[in-house]
Amino acid sequence: MLKLKSVLGHGMRNLVGNNRQGFAQVKEKLPSIAESIKDVTIVKYLKNVGDFIEADEEILEVETHKGNFMVRSKSSGKLLKYIVELDTDVEIGNDYAEIDTDAKKTSNPSPAKVEPKVEAKVEVKSPAKETEIKHDTTVKTEHKKPSTSENTSKPLSKEEKPQIHLSRTETSEKMSRLRRTVADRLKLSQTTYAQVTTFQEVDMSEIMNIRKDLGDEFLKRNNVKLGFMSFFIKACAKGLQERPLVNSVISENGNEIIHRNFIDISVAVSSPKGLVVPVIRDVQNKSFANVESTLVDLATKASNNKLAMEDMEGGTFTISNGGVFGSMLSVPIINPPQSAILGMHNIVNRPVVRGDQIVARPIMYLSMSYVHRLLDGREGAGFLKRVSDLLQDP
């Protein structure tokens with residue numbers, strides 16, 4: 001009887017231990033990042049298997065159509081394994097890792113996993129043999145002076161000429177989720193919107209003079225440079241206040257016009273992952289210094305792939321600066337679901353008429369594409385003319 005109790009007790013202890021171990025293993029699920037994001041691509045493991053992870057610590061880097069984001073662990077414990085492989089698409093809410101929540105943090109965490117280096121094979125010779133080879137070379141090496149007859153070389157025949165073969169190859173790479181989404185959205189914009197584009201030219205003389213005269217003082221006061229972009233952002237904000245329909249949008253059902261009493265301007269920026277469009281919010285209330293500092297902050301985040309979802313959501317109007325790449329003129333494509341986009345281009349000295357004289361002035365061509373379903377020429381072309389006037393007389 002005692003033996004039976006002992007066996008049963010041992011079995012119960014095993015059972016309780018197994019159950020405890022099972023409960024300790026928690027599966028981490030991909031959290032919701034934004035309403036528009038249904039799945040992500042796993043691009044980087046930020047922790048190694050065996051590492052201890054604190055709650056709310058970054059564990060995974062994922063790619064979405066809005067950019068790259070860090071996923072934080074909900075639990076603390078030892079990372080047992082990753083359930084998903086790199087470069088795979090995973091839906092929001094699915095499991096991506098297992099964590100042992102009963103594990104205790106050790107004073108010596110496991111070292112980072114280092115990939116083994118592949119080195120070339122080197123044949124090591126004994127010192128005696130190496131000395132012998134060097135001695136041999138010293139003795140037997142002769143510097144033979146070529147004779148005059150040898151210097152007079154005959155041209156190689158067609159058969160003796162060396163043949164140069166140029167290889168023609170192709171490579172392929174997986175298109176990033178961001179690039180795929182940008183491509184889909186731009187195509188959707190072209191096929192859905194009745195888009196029309198209007199053009200204007202801007203004499204940049206006054207803005208260039210202001211930057212020259214006040215640039216140093218502006219930098220000293222605000223610790224940020226006075227650039228061109230803030231003039232365009234503020235001019236567009238003024239134009240949108242005067243013509244609020246350009247800041248409006250047609251509802252998804254197509255039966256209503258949604259008017260906004262705020263101005264959030266999206267600025268197209270190139271990042272290592274592709275084109276991103278961070279948003280400067282409430283531009284109508286910001287000073288030039290506020291706009292410039294926000295631009296610097298967003299550009300730094302974009303170059304480091306650190307833009308958060310809230311940095312890119314929304315936007316009521318977009319500005320795209322193709323001039324930084326040398327573009328003279330372009331027809332920008334509207335950024336859905338907005339109603340208009342302004343295109344900036346390079347500044348070139350061009351001959352213009354001032355009074356009765358032809359003079360050289362720094363001219364920029366502006367373009368604006370807008371939704372003709374919502375905006376007629378009075379609103380679209382009139383808005384761009386107003387922006388041009390504000391820029392020429394800031």
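The values are calculated or read from the model by the stated rules, or taken from the named source; none is laboratory data. Worth saying up front: this structure is predicted, and the values here are computed from it rather than measured. No Cβ is skipped: glycine too gets one built from the backbone with ideal geometry, and neighbour counts run over all protein chains shown. Surface accessibility is based on the protein's heavy atoms, side chains included, excluding ligands, DNA and RNA. Shrake-Rupley method; radii C 1.70, N 1.55, O 1.52, S 1.80 Å.
Taking label points 7 Å from Cα along the Cα-to-Cβ direction, residue 191 and residue 289 give a separation of 5.0 nm. Averaging Cα coordinates gives a centre for the range 41-80 and one for the range 186-259; these two points are 38 Å apart. When peptides 346-357, 60-71 are sorted by average Cβ neighbour count within 10 Å, with the highest value leading, the order is 60-71, 346-357.
Take the Cβ-Cβ distance between residue 328 and residue 250 as r, set R0 to 25 Å, and report the resulting FRET efficiency rounded to the nearest 0.05. Walk me through the numbers before you get to the answer.
Details: r = 32 Å, r/R0 = 1.28.
After rounding, the FRET efficiency stands at 0.20.
Straightening the chain between residue 56 and residue 282 buys 78.2 nm, computed as 0.36 nm per residue apart minus the Cα-Cα spacing.
Round to the nearest 0.05 the FRET efficiency obtained for residue 175 and residue 354 when R0 = 45 Å and r is the Cβ-Cβ distance.
Working: r = 49 Å, r/R0 = 1.10.
Efficiency, from the Cβ-Cβ distance: 0.35.
Between residue 313 and residue 270, what length in nm is gained on full extension when 0.36 nm per residue of separation is reduced by their alpha carbon distance?
On the way: separation 43, 0.36 × 43 = 15.48 nm, distance 1.68 nm.
Extra length from residue 313 to residue 270 when fully extended: 13.8 nm.
Under the simplified labelling scheme, the residue 104-residue 297 pair shows an inter-label distance of 4.4 nm, with each label point 7 Å from Cα along Cα→Cβ. Peptides 321-333, 276-288 ranked from most to least packed by the mean count of surrounding Cβ atoms within 10 Å: 276-288, 321-333.
Under the simplified labelling scheme, the residue 217-residue 260 pair shows an inter-label distance of 3.4 nm, with each label point 7 Å from Cα along Cα→Cβ.
Sort 373, 221, 260, 180 by heavy-atom solvent-accessible area, probe 1.4 angstrom, most to least.
From most accessible down to least: 221, 373, 180, 260.
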